[in-house]
Amino acid sequence: MPQTVKGVIARAKGAPVELVDVIVPDPGPGEAVVAIQACGVCHTDLHYREGGINDSFPFLLGHEAAGVVEAVGAGVSEVAPGDFVILNWRAVCGACRACLKGKPWYCFATHNAKQKMTLTDGTELSPALGIGAFIEKTLVAAGQCTKVPAADAAAVGLLGCGVMAGFGAAVNTGGVGRGDSIAVIGCGGVGNAAIAGAVVAGATTVIAVDVDDRKLEMARAFGATHTINSAAGDPVQGIRALTGGHGADVVVEAVGRPETYEQAFYARDLAGTVVLVGVPTPDKQVTLPMIEIFGRGGALKSSWYGDCLPSRDFPMLVDLYRQGRFPLESFVSERIGLGDVEAAFEKMHRGEVLRSVVEL
Ligand SMILES: NC(=O)c1ccc[n+]([C@@H]2O[C@H](COP(=O)([O-])OP(=O)(O)OC[C@H]3O[C@@H](n4cnc5c(N)ncnc54)[C@H](O)[C@@H]3O)[C@@H](O)[C@H]2O)c1
Ligand SMILES: [Zn+2]
Ligand SMILES: [Zn+2]
C-alpha cells in the first residue's frame, strides 16, 4: 500500500519551502523505502530552491540522510528491512565504462528509484539528488542505501553529502597526504570537512579561507593551522606567504564562484592541484590565461561527491568517528524539526551554522 507521509517541498523558484503530504509508493524491483531518522540541510538544497540546479519543480528537498530500511522490492539483496543505512546520491551501476575500468567512484550511469513520489493530486516530485529526505519515509534505489554500524543518525547522515564531499575533495580528489600543504576556500560544512579530512590524512599546513570569521574559528577547531579572512586581504598573497612564497600543494574551492576559483588557481604551487567541489550555477564563467594553465602544470580537477565510493568510504568514516578520530558530531550545529527547513536556510545564509540537521 502506498503511504502518505509529511515531506518538505520547494514548489517554485525562490518560494518558501512547504511541509506537505507526499505519497510514497511501495518499493518496486531494485528499490527500497527508508524511514528517515535525520537529514542535514546542505547548500545544494538551497540551490535547488533558487532554481540554480534545474527547473524540475516541485522538488522534494533533503539528501544528506541516515535512517532504517523499512521495506525492499523484488531482487534486492544488498540491504534488508531493519538495516541502518546512510543514503548516497551516486548509486554505482557496475557496468558503465568507468565501472568497467575499475573506477566506480566516477560511475557515469548512477541510478535512482524508477517510481515517483507524488503530491496527493498526483503531481510528480523531483527528489533532490535523487533522494528527497526531508520526509518521514523516502523511496530510493536499493544501491543508494549504504549499510553502516549503528551511530548517531544526525552525525553520520552528514556523510551522505557535504562531509563526504569535503573529505573526499581533499583526500580522494586532491590526494592530500602526509606533509602536504592545503588551502581550503569556503569553510562551510563542505570546506570544514575538507580541512578535517586533510588533518586525518597528515597534511602539515592547513590554511582555511573564508569571508566570515565565525567560519574561520570553526576551521581552527577542525585543525586548520592558519586562517585568512579574504574580505580583509588578498588570499592568494596570504596563502603564498604561508607556504614559503610558493602556494599550496592542493587548493580546494568549496564555494562555487568564479572569483574563488581564480583564487584557487593562483594560490597553488607549481604542479599543484586545484579541486573544485563548490557547485557553480550555470551562468558562471571563468577566464584564465592559457599560458598560466600550461605553465603552472599540475591538475585542475572537479570533485563529484568527493569522488567517493559509498560502500568503501561511509563505513570507514563511521569507524573513524566511533573511534574518536573524525569529529562528525562537530558539524551538527543544531537539531531541528521538519517544519524548520526554511529557517535553517536563513541561518545558513547568515553564516550561523555548519549544518542544521532535521531529526524525525
Ligand atoms: N561537489 C559536491 O559533490 C558537493 C556536495 C555538497 C555540496 N557542494 C557544494 O559545495 C559548496 C559549499 O557547500 P556548503 O554546504 O559548505 O555551503 P555553506 O553555505 O555552508 O558554506 C559556504 C561557505 O563559503 C563562504 N564563502 C562565501 N563566499 C565566499 C568568498 N567569496 N570567499 C570565501 N568564502 C566564501 C561562506 O562564508 C561559507 O562559510 C556549495 O556550492 C554546495 O552546493 C558540492
Ligand atoms: Zn557505472
Ligand atoms: Zn548536499
**Prompt:** Ordered by residue, what ³J(HN,Hα) values in Hz, to whole numbers, does segment 293-304 give under the Karplus form 6.51 cos²θ - 1.76 cosθ + 1.60, where θ = phi - 60° and Gly and Pro are x?
**Reply:** 4, 5, x, 7, x, x, 9, 10, 10, 10, 10, 7
**For R268, distant residues with modelled amide H under 5 Å away** = A248
**Fraction of beta bridges assigned by DSSP in the chain that are antiparallel (%, nearest 5)** = 55
**Label point distance in nm, T123-C93, each placed 7 Å from Cα along Cα→Cβ** = 3.1
**Prompt:** So which aspartates and glutamates pass the test for K6, namely a Cα distance under 12 Å, with those fewer than 8 places away in the same chain ruled out?
**Reply:** E18, D21, E136
**Fill in**
Quick calc, E259 & D319: beta-carbon distance into FRET formula, R0 41 Å, rounding 0.05, result 0.60
**Asked** For segment 145-267, what is the charge dipole size about the Cα centre, in debye to the nearest 20, if Lys and Arg each add +1 at the Cβ and Asp and Glu each add -1 at the Cβ?
**Response** 300
**Fill in**
Quick calc, Y106 & E217: beta-carbon distance into FRET formula, R0 45 Å, rounding 0.05, result 0.80
**Request:** Could you work out the local net charge near Y48, counting Lys and Arg as +1, Asp and Glu as -1, over the other residues with Cβ closer than 15 Å to its Cβ?
**Result:** -3
**Low-density loop cleavage sites - trypsin sites (Lys or Arg not before Pro) in segment 1-85, where at most 13 other Cβ are within 10 Å (DSSP)** = K13
**Fill in**
With the charge dipole of segment 9-147 built from beta-carbon charges (+1 for Lys and Arg, -1 for Asp and Glu) about the Cα centre, the Cα from G28, A128, P104 projecting farthest to the positive end belongs to P104
**Message:** Greater than 30 Å separation of Cα atoms is the criterion. Which listed pairs, K103/K137; K116/K147; K13/K347; K114/K347; K116/K215; K13/K147, meet it?
**Reply:** K103/K137; K114/K347; K116/K215; K13/K147
**³J(HN,Hα) computed for each position of segment 329-346 - Karplus, 6.51 cos²θ - 1.76 cosθ + 1.60, integer Hz, glycine/proline x** = 5, 6, 7, 7, 7, 7, 10, 10, x, 4, x, 10, 5, 4, 5, 5, 4, 4
**Item:** Net charge, T123 excluded, C-beta distance under 14 Å - Lys, Arg +1, Asp, Glu -1
**Value:** -2
**Item:** Max mean-square fluctuation residue, GNM over the chain, Cα-Cα springs under 10 Å, options P327, P149, P282
**Value:** P282
**Item:** Estimated [θ] at 222 nm from DSSP helical runs (n ≥ 4, -39500 (n - 2.57)) normalised by residues in the chain, nearest 500
**Value:** -7000 deg cm²/dmol
**Complete:** Within the set T173, T44, T120, GNM on the chain using Cα springs under 10 Å gives the largest fluctuation to T120
**Prompt:** A74 versus L288, label points 7 Å from Cα toward the beta carbon: distance in nm?
**Reply:** 5.0
**Message:** Quick check for you: which residues of segment 272-288 have the amide N under 14 Å from the point 7 Å beyond the Cα of H246 toward its beta carbon?
**Reply:** 272-273
**Asked** Does segment 84-151 classify as rounded, prolate or oblate by the C-alpha gyration tensor (a ≥ b ≥ c root eigenvalues; a/c under 1.5 gives rounded; else a/b over b/c gives prolate, otherwise oblate)?
**Response** oblate
**Request:** In a Gaussian network model over the chain where Cα atoms closer than 10 Å are linked, find which of C93, C161, C39 has the largest mean-square fluctuation.
**Result:** C93
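Every number here is computed from the coordinates shown, using simple stated rules; none is lab data. No experiment lies behind these values; they were computed from the predicted model shown. Here the Cβ is made from the backbone with ideal geometry for all residues, glycine too, and neighbour counts use every protein chain on show.
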